[in-house]
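Shown next, in structure tokens, is the structure this report addresses.
The values are calculated or read from the model by the stated rules, or taken from the named source; none is laboratory data. As the structure is a computational prediction, the values presented were derived from the model and not from experiment. All Cβ positions, glycine included, derive from the backbone under ideal geometry; neighbour counts span all protein chains shown.
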Amino acid sequence: MLRNLVGLVTGYERDPELVRQAEEFRAQIQAATEAEEAATAHYPPIPEWGRDFPDSSKPYDGWPVPQGALLEQDAEFLDDFDETWNVAPSENGSDVVVFHQDFRAETDRGEAIFEEDFRRDVEGREPNAWLANIIAIHKRLDEGQRCNRIVRFRGETPSSYRLEHPPSGIFNFIPSEEKHDAVVALHQRWALQYLSACRYIHAKGIALNGPPVHQTLWLRADFSLVIAAFTGASCAALGMETEFWAYGGRLESPFDPENVRRGTNKQEDGDGIGSPQVKADLFQWACFVYGLMTGCDGNPVVDRETMGMWDGPEGDRLREEKWADEEAVREGKFERWPVLREEELGVCLVKAWRGEYGSVGEVLGDVRAVLEGCGRVLVEGEEDEIEGFEWERVFEYDEGSGQISRVVDEKA
């Protein structure tokens, strides 16, 4: 009895099961510590800004790139997605390598090392989890019959993924702002092609969710459009819900995917994903097309002539007008918005801004009807091509300026 009392007070003797559990816990902690020390021992020196890059004598100004990226002396980044994912040419010449800007090095065991704050944190939007989500989206899009308006996925590594390198080399481009009929036709063609891609994407249960459309596109040699960036995409079937609405055109979309998570308007539409997300993607398409047709960067009020006045005496007034118009969008009122010409698809854009379309198929039908009514001849058997133009003979691309323009002979 006395022995039991002493054991109870001093802890000299304990429950054998508790002792076993404590020993197992200590063993787990020791194993985790040893594993972290072993991993740390494999870390190569971490490149640092200001010490190792920028350095103009090295490829990419010294910026660290994953294995497989081209390492020639004059190698430069081709593009970036969402100002977060760098796009570099690959050493094989037929692909590009896409990786997070916080990438710093790879261990000899193939592990990716990111900037100090992100080395082992794989939650949320941090590099490892974000990379895995983008790769999963590309793999889902690659299943079954492929869509020609979506960039080809070429594989993955622990720190990057690969995409096809468009043979034209056109990545960042500045659309021509001419009002010539061929230019309008090219913009109409892009409007159709983006919708075609969007319909395929929605049919896979994926929502694009930004960034703004023009930041996601590359062009092929025939000046056809291809969607390359899926950095904000979500897919309920893959467990990827939209975390936030961080992007948008110059106008804020009233169809925030937050409504889907709250259960508001969660009915399914013909494209197979929540209606608010369909409407949000179509809203961004309308902003993109409006920018093509007007040169106003997706904002129907603040044009290029007034942009330089934001910091001047007219700045407050312009900001108030912009806020008023964004509020009008949210309320479905468009009294102050200019009406585009029929061939500029104005009717279709306003319906998309108002959320009157339930699926991409509905928009495609309207756009095709408008174009046929304006005299365009659409390629039989294809939903996103316009006949009557040899695009590569009509347009040229200046790699230095990134500008697309009509060729000299055609202008004459």
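Restricting attention to the range 293-312, does a residue exist that is in contact with a helix residue (DSSP H, G or I) (Cβ under 8 Å, 6 or more places away or on another chain) and at pLDDT 85 or above?
So far as the range 293-312 goes, yes, one or more of its residues are in contact with a helix residue (DSSP H, G or I) (Cβ under 8 Å, 6 or more places away or on another chain) and at pLDDT 85 or above.
Just checking, how many residues over the range 66-101 are charged (D, E, K, R) and under 19 Å from the mean Cα position of the chain (by Cα)?
5
Condition check: aliphatic (A, V, I, L, M), outside the structural domain of Gly205 (by TED's automatic domain parsing), at pLDDT 90 or above and touching a strand residue (DSSP E or B) at 6+ places or on another chain (Cβ under 8 Å). Does Ala88 satisfy that?
So Ala88 fits the description; yes.
With the structure loaded, tell me whether Val363 is β-branched (Val, Ile, Thr), at pLDDT 90 or above and either in the same structural domain as Met293 (by TED's automatic domain parsing) or exposed (fewer than 13 other Cβ atoms within 10 Å of the Cβ) (or both) or whether it fails that test.
yes
Restricting the search to the range 141-177, which residues are crowded, with 20+ Cβ neighbours inside 10 Å and part of a helix (DSSP H, G or I)?
Leu141
A quick yes/no check of all residues on (1) under 21 Å from Leu225 (Cβ atoms); (2) in contact with a strand residue (DSSP E or B) (Cβ under 8 Å, 6 or more places away or on another chain):
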| site | (1), (2) |
| --- | --- |
| Val350 | no, no |
| Tyr357 | yes, no |
| Leu364 | yes, no |
| Leu378 | yes, yes |
| Glu382 | yes, no |
| Glu387 | yes, yes |
| Glu390 | yes, no |
| Ser401 | yes, yes |
| Val407 | yes, yes |
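Mind listing whichever residues of the range 387-405 are outside any helix (DSSP H, G or I), surrounded by fewer than 16 Cβ atoms within 10 Å (Cβ to Cβ) and modelled with pLDDT of 90 or more?
Glu387, Gly388, Glu390, Glu396, listed by residue number.
May I ask you to list the residues in the range 37-80 that are part of a loop (DSSP other than H, G, I, E, B) and among the polar types (S, T, N, Q)?
Ser56, Ser57, Gln67, Gln73
Determine whether Glu383 is touching a residue at least 40 places away in the same chain (Cβ under 8 Å) and not in a helix (DSSP H, G or I).
yes
One residue is enough: does the range 195-205 have a residue meeting the conditions under 20 Å from the mean Cα position of the chain (by Cα), modelled with pLDDT of 85 or more and in a loop (DSSP other than H, G, I, E, B)?
Yes: one or more hits.
Collect the residues in the range 160-193 that are of a type in the set (Ser, Thr, Tyr) and over 18 Å from the mean Cα position of the chain (by Cα), keeping them in residue-number order.
Result: Ser168, Ser176.
Assuming Ala246 fulfils every condition listed in (1) modelled with pLDDT of 85 or more; (2) under 30 Å from Ala88 (Cβ atoms) apart from one, which condition is it?
(1)
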